[in-house]
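Shown next, in C-alpha cells, is the structure this report addresses.
Values quoted throughout were computed directly from the atomic coordinates according to the rules given, and no laboratory measurement underlies them. Fair warning: this is a prediction, and the values are worked out from it, not measured in the lab. Cβ placement follows ideal geometry from the backbone for every residue including glycine, while neighbour counts extend to all protein chains displayed.
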C-alpha cells in the first residue's frame, strides 16, 4: 500500500472508529460487534506504526469517553484505564512473554495470574470515606468521570456502610450489570407496552446508570461485580485484595481463579468459552491480571492500558441460515412487530428457528429478503438476532419483505402514528390484542393469577369463556365447563378459582398497572395512585392535571385520558369494582397524634417492619410519610443497606434515627 493510500485509510479508520465510539459511549448503541470493532482498531494501530504517526486525538490514544454532560464531572484520583483486548491464545502467550521480559523472569511458574469473568456492563468507581459510600463515578474519559452516586446507591448488592474498622477509606472498582432473566422480563414488558426492546444488557445498564430519573434506576435490578481494590493498607497480591472485599461483604464473583502460570490461564479461558452460555449474567471474555501488586507497580501502564492486565475476548458465535418467512405479531397495544422464521440452526448450544427483526426500518436497513442466507448471533448472548445478509442472492430467488397494510389477525387497516417506527392495529376487538391484555392482566407483576398463563388464556378465549379482563372473574362460575376440558380436573379448577379470589386483595397500583394502559408501567401506576388516591379522581382528571405531576409526561397523560374516554373501558372498570377489586388507596384509621406535624422518610431494610407496615404506623399516629428527603423532612428512619436518601439527609442535616429510636417516638 502506497504511503498516500495508507494516510487515506488512516483517516477513514479514525472517522469510522470515532463514529462507533460516539454511538457506543454516548448513545448506548453498538453499530458493530466488539470483534469487528477490535479488528478496525488493530488495523489503525498497525497503520500508525507503519506511518509513524499518532495524533493526539487518535482513538488509539484515548480511553473511550462516556461523559454525557448530565452529571457533575469529577476527576479520578488515579486514571481509570481500559484493557488491551486479545482474541487468540497466541496473543495471551505473547502477553505473558512481554511480562517475563519486563520483569526479567525466565520461568512461567514464577508469575501467577488472577482470572475473572469479564462482565459486559458499565465500569464504576466506588469511593468509601470513613466507612461510608460517598461517591460513585463512571469511567468517563479515564481521567474525569461523572458523579452518579445517587443512582448507584439504589443498587442493593453492595454495602453502603463498612463496619470493619481496618478498612474505612478506600476505592473499589467494579462492573454494573443485569442478569439475563431480569433483562428478558423487562424486554417482554416493553413489548407488551408497545415500546422498543433494549438491544442488549450492556446498553440497558449504561442507559440506566446515566438516567436522571432515580426512581427508574431504583426499580431496575442492577448489580455490581467488584474487580479491584485500592487502599492505603498493605496488600501484596490482587487475590488477597479480592478476599478482603469478600470479608467486607462485597459480592466478589465465585468463579475467580488464581492460576499458577499462563497455561492454567488458557485452560480457564477455554473452560468458560464452553460454559458461558450457562451463566445467569452476560460475559464477553476473561480478564487476566498479574497477581503480585509489586509486579503490577513495576509493569505500570501506557497511556491507555495497564501493562499488567489483558482482556481475552470471546468471538461472538454466529451461524448462517436461511430466512424462510416473516411473521407479524400483534401486542396488547396493537403494535405490529416482525419476527423472522429461519431454517433451524445450532447456535450457542440451542437450536434457533426464530429471531427478532425489531421493526420494518431494521428490515429495510439490512435490505433483507425472504430466501436470503443470513448471519445470526445472540444479541448480548440472549436474544437471537439477524445481523447481516451472508450471501446476496439473485432477485429471482428472493422475495421482498412487505409490511402488512392490515392487521394479520383481524384484517383491520393499520395506523402509523407520527414520529413512531411501529404501526398499530386500532381495532379494540382484535383477538390478538384481547388475548395479550388478558395475559398481561394475569401476569405475575400485575394480578398474579396462577394457572392463567398464555396457554390457558388462549384456550379459555377460544372456548368463549373469556374475552375481556373482567370476564376472568366469571371463571369460577364455569366449573363444569372447565373441568371437562382436556388436561383439566377439579384440582386445577380449584387452584385457578382460589388464585382469582386472592387477586382481589391486590393494591390499587397493581390493579391500575394490570389494566394495560399504554405507557403506564409499574412505577407510573404507583405515581398516579399516590397522587389521585382513587380511580374516579383519575378518570375525571384532565391531560394538564396529569402531566403536571412530576415524572409524568405528555405521552402518558394523553394515553391515560384516551383510555378513560372509551366507554368499554369504563364498563370493565365498573364490573371489576363489583367483583371487589381495589380502586382506591386504603384509608388508615388513626390511633393517636404522637407524630402529628412530623414528616418521615424511610430508607434501607428494617428488622421488624416492612415498608408498608411502618408507613401505616406513622399515619396511624398522625405523621406524614414522604418518598423523598427535603428540608421539610423531620426524620429519616435508617435501616440496613440504605439508598441515596441517606446521603441526601446527611447533606441537608436531617435528623437520622434507627428503628429502635423510631419505636420510642410512638411509645
Quiz item: Under the classification rounded if a/c is under 1.5, otherwise prolate if a/b is larger than b/c and oblate if not, where does region 73-313 fall, given a ≥ b ≥ c as square roots of the Cα gyration tensor eigenvalues?
Solution: oblate
Quiz prompt | Spin-label pair residue 322/residue 479, simplified geometry with 7 Å Cα→Cβ offset, distance in nm | solution = 5.5 nm
Quiz item: For the chain, what class follows from the C-alpha gyration tensor (a ≥ b ≥ c being the square roots of its eigenvalues): rounded when a/c is under 1.5, otherwise prolate if a/b is larger than b/c, else oblate?
Solution: oblate
Quiz item: How much of the DSSP beta bridge set in the chain is antiparallel, as a percent to the nearest 5?
Solution: 85 percent
Quiz prompt | Computed E for residue 575/residue 233 - FRET, C-beta separation, R0 56 angstrom, nearest 0.05 | solution = 0.30
Practice problem: Mind giving me the FRET efficiency for residue 258 and residue 215? R0 is 30 Å, r the Cβ-Cβ distance, nearest 0.05 is fine. | Solution: 0.15
Quiz item: Extension gain residue 351-residue 667, at 0.36 nm per residue separation less the Cα-Cα distance, in nm?
Solution: 107.4 nm
Quiz item: When the helices in the chain are scored as -39500 (n - 2.57) per DSSP H run of 4 or longer and the sum is shared across all residues, what 222 nm value do you end up with, to the nearest 500 deg cm²/dmol?
Solution: -10500 deg cm²/dmol
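When only Cα pairs under 8 Å and 6 or more residues apart are kept, what is the percent relative contact order across the chain?
On the way: 1134 pairs, mean separation 66.5, N = 667.
Contact order relative to length: 10 percent.
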Quiz item: Do you know the relative contact order of region 73-313, to the nearest whole percent, from alpha carbon pairs under 8 angstrom that are 6+ apart?
Solution: 32 percent
Practice problem: Using the number of other C-beta atoms within 10 angstrom as an exposure proxy, rank 619, 457 with the fewest first. | Solution: 619, 457
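Taking only C-alpha pairs under 8 Å that are 6+ residues apart, what is the relative contact order of region 431-578 in percent?
Working: 131 pairs, mean separation 32.2, N = 148.
With pairs under 8 Å counted, the relative contact order is 22 percent.
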Quiz item: Could you state the number of Å between the C-alpha centres of region 100-176 and region 533-595?
Solution: 45 Å
Practice problem: Classify region 318-423 as rounded, prolate or oblate from the Cα gyration tensor: take a ≥ b ≥ c as the square roots of its eigenvalues, call it rounded if a/c is under 1.5, otherwise prolate when a/b beats b/c and oblate if not. | Solution: prolate
Exercise. Report the calculated FRET efficiency for residue 305 and residue 620 (r = Cβ-Cβ distance, R0 = 51 Å), to the nearest 0.05.
Key: 0.30
Quiz item: On full extension of the chain, what length is gained from residue 185 through residue 416, given 0.36 nm per residue of separation minus the C-alpha to C-alpha distance?
Solution: 80.5 nm
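Please compute the length gained on full extension between residue 593 and residue 567, using 0.36 nm multiplied by the number of residues separating them and subtracting their Cα-Cα distance.
5.0 nm
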Self-check item: Separation in nanometres of the label points that stand 7 Å from Cα toward Cβ, at residue 270 and residue 168
Solution: 5.0 nm
